[in-house]
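Student: Would you mind keeping the following structure in view while I ask a few things?
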Amino acid sequence: MNPPASSHAGTGIQGLDFVLQGGLPEGRPTLVRGGPGTGKTVIALTFLCHGIRDGGENGVLVTFDESPQALIHHAQGFGFAAEEYRQDGRLRILDMRPDQDEVVGQGLELTAVLARIDHALQEAGARRLVLDAVEGLEGAFGGQGSLRRELGRLFDWIREREITSLITTGEIEDFNTRFGLEDYVADCVIALKQDLENRAMTRLLRVVKRRGGPHAGGELPFLLDAQGIFMVPVSGAVLNARISDERLSSGIPDLDRMLGGQGPYQGSTVLLSGQAGTGKTSIAATFAQAACSRGEKVLFISFEESVDELVRNQHSIGADLAHHAGEAGGRRLVMEPVRAMEMGLEEHLMRIMRALDRHRPDMVILDPISSLASRHVGDGTKEMLLRLMYLIKERGITAVATELLADDSRGVSQLDISSMIDVWIKLRRHEENGELNRLIQVVKARGLPISNQVKEFRLCDQGLVIQEPYIGEGGIAYGTAREARQAEDEQRQEQLEEELTRRRRLRQEMDAIHEARERLTRAEDDARAVEVDREIAELERRLANIQRARSTVSRSRT
């Protein structure tokens, strides 16, 4: 009786288990097919060793191609203790490589093979079985019908015992189609392939079918290196980025003030865009040093400079990266140089995500992220970078990325990923009068009150210094032109102040003269008024005398 459809067995490959929504169908056969070098055997070894180490499920490996010693060597190369598992009985390896001398008549009887596998399963108490390179049996049979019959018998035998099995096959002459492995044998089919584009190879995985359960569709890239198989988990349709209200200093106080006073939010994505020589890497290094000084861990991925170059070049502005990368600094800074042109986009994405999983940093520096797009325009660069930024943000990691702009770009970004950028800072060169000056501007900062000014900054042995813009009568000036303009304006201001003082003095004199004239006029008017009053009084007196004389004459007549 087969187990319920919902039962699954983890492969030990996190991304693959996510795609399979739990793992391989438990108690059923799974087919992994692919050409040479696609990673079939590595997946099989990971499946077995993960079950032994983490799940307590012992395993049996049946090889039809490579020798047991070679397989043990492969497993140890990927960090699996296969020899230890073999010695303590948790792993049994059966060498079933066909010997042409054993071919009898038109076919090879598999009864002995099944007996050996059954004995190994019982002896090891195994719940996991791998049949590696089963297509190797084809040369040991006299005809196609005989092999088809025996393969059907083999897989029926596996199903009856409800052993979780993984069968690997190559892509030689449609082996799987001719013998019906995908049609009726396997409950789950995983196809692997290599894709070569722009001289960069990417390994791809696709789940062709999975009976009794859902699975993710499409071709998914995966990484195969000395650390084994790594897949980037498929992102959902819902944005679930981790957010924080905590603010982080950039290490540049003036830049923090341009970002509202305290720097960007923790877990935000910061993009520094600018032409060559505008100080992008230096600002990113300052972000990193500030984070390390706070006790945070920083992963610095450089696509253009080696570790020694970074340390030397940033030392010129007072950044001691070597200290934070060393024992004295607590090894809070991890620097990983990567040549951008050596790998495809998807491999870059997976290596970056694997580095994040390995180091678990609080901040990651990507310098410059534009190097990933330098030769991949129009082939999914934007989609890859959007996925990368989202996956970083989903982990709550602060990301600082630099972008190189072409001299003729007019400040326009070619990455087109502003939708995933929280803080966008543009740097540019200002060339005038034979002098180059650097300018900085905050284009956007989500949730922050930002400065709307374009400011000048200088790189010196004390770090980065941002200067307030100088705006005079002739407009904005930078560099030595700023100093000359400021001196001219100061001289002009002094002249104007002197002229203003003279004019004010003249005005005061005019006011004094006017006041004196007013006082003289008032005095003359007062004197005239006194004279008129005297004349009026005299006239009134004379008239009164006349009136009195007339009154006296009139009384005398009567």
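The values are calculated or read from the model by the stated rules, or taken from the named source; none is laboratory data. Everything numeric in this text was worked out from a predicted model, so none of it was measured. Note that each Cβ is placed from the backbone with ideal geometry, even for glycine, and that neighbours are counted across all protein chains shown.
Student: Here are some conditions: (1) over 18 Å from His359 (Cβ atoms); (2) crowded, with 19+ Cβ neighbours inside 10 Å. Asp308 meets all but one. Which one does it not meet?
Tutor: (2)
Student: Here is a further query. Could you count how many residues in segment 331-360 are modelled with pLDDT of 85 or more and buried (at least 23 other Cβ atoms within 10 Å of the Cβ)?
Tutor: The qualifying residues number 1.
To keep it simple, each residue is scored yes or no on (1) assigned by TED's automatic domain parsing to the domain that holds Glu135; (2) closer than 17 Å to Leu192 by Cβ; (3) assigned to a helix (DSSP H, G or I); (4) modelled with pLDDT of 90 or more.
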site: Leu16; (1), (2), (3), (4): yes, yes, yes, no
site: Thr46; (1), (2), (3), (4): yes, yes, yes, yes
site: Cys49; (1), (2), (3), (4): yes, no, yes, yes
site: Val62; (1), (2), (3), (4): yes, no, no, yes
site: Ala70; (1), (2), (3), (4): yes, no, yes, yes
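Student: List the helices (runs of 4 or more DSSP H) that sit entirely inside segment 223-330 and contain at least 3 residues that are within 19 Å of the chain's Cα centre (by Cα) and within 30 Å of Asn437 (Cβ to Cβ). Let's see the steps before the verdict.
Tutor: Details: elements: 253-258, 280-293, 307-315, 321-325.
In segment 223-330, the matching helices (runs of 4 or more DSSP H) lie at 280-293.
Student: Also: Would you be able to tell me the number of residues in segment 122-134 that are within 20 Å of Val32 (Cβ to Cβ), in a helix (DSSP H, G or I) and at pLDDT 85 or above? Explain how you work it out, then say what you get.
Tutor: Pass one, segment 122-134, residues within 20 Å of Val32 (Cβ to Cβ): 126-134.
Add one more test, that the residue is in a helix (DSSP H, G or I), and what stays is 134.
If we keep only those that are at pLDDT 85 or above too, we end up with none.
Total satisfying the criteria: 0.
Student: May I pose another question? Take segment 77-87 and flag every residue that is modelled with pLDDT of 90 or more, surrounded by fewer than 21 Cβ atoms within 10 Å (Cβ to Cβ) and part of a helix (DSSP H, G or I).
Tutor: Within segment 77-87, Glu83, Glu84, Arg86, Gln87 qualify.
Residues are listed down the side, and each one gets a yes or a no for (1) without any contact (Cβ under 8 Å) to a residue 24 or more places away in the chain; (2) surrounded by 18 or more Cβ atoms within 10 Å (Cβ to Cβ):
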residue	(1), (2)
Met384	no, yes
Asp408	yes, no
Asp422	no, yes
His430	no, no
Gly447	no, no
Phe457	no, yes
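Student: Considering only residues of segment 88-106 that are over 27 Å from Arg53 (Cβ atoms) and among the β-branched types (Val, Ile, Thr), which is modelled with the highest pLDDT?
Tutor: Filtering segment 88-106 for residues that are over 27 Å from Arg53 (Cβ atoms) and among the β-branched types (Val, Ile, Thr), the one modelled with the highest pLDDT comes out as Val103.
Student: Is it the case that some residue within segment 135-149 is farther than 19 Å from Ala44 by Cβ, assigned to a loop (DSSP other than H, G, I, E, B) and modelled with pLDDT of 80 or more?
Tutor: no
Student: Just a yes or no: is a residue in segment 37-49 over 16 Å from Ile167 (Cα atoms) and free of Cβ contacts under 8 Å to residues at least 60 places away in the same chain?
Tutor: Taking every residue of segment 37-49 in turn, none turns out to be over 16 Å from Ile167 (Cα atoms) and free of Cβ contacts under 8 Å to residues at least 60 places away in the same chain.
Student: Only residues in segment 188-213 that are among the hydroxyl-bearing types (Ser, Thr, Tyr) count as the first member; pair them with residues that are assigned to a strand (DSSP E or B) and modelled with pLDDT of 80 or more, Cβ under 6 angstrom, at least 6 apart or cross-chain, and list the lot.
Tutor: Thr202/Asp195; Thr202/Pro221
Student: Taking the conditions exactly as written (in the same structural domain as Val412 (by TED's automatic domain parsing), of a type in the set (Gly, Ala, Ser), touching a strand residue (DSSP E or B) at 6+ places or on another chain (Cβ under 7 Å) and under 23 Å from Ile425 (Cα atoms)), does Ala325 satisfy them or not?
Tutor: On the way: in the same structural domain as Val412 (by TED's automatic domain parsing): yes; of a type in the set (Gly, Ala, Ser): yes; touching a strand residue (DSSP E or B) at 6+ places or on another chain (Cβ under 7 Å): yes; under 23 Å from Ile425 (Cα atoms): no.
In short, no.
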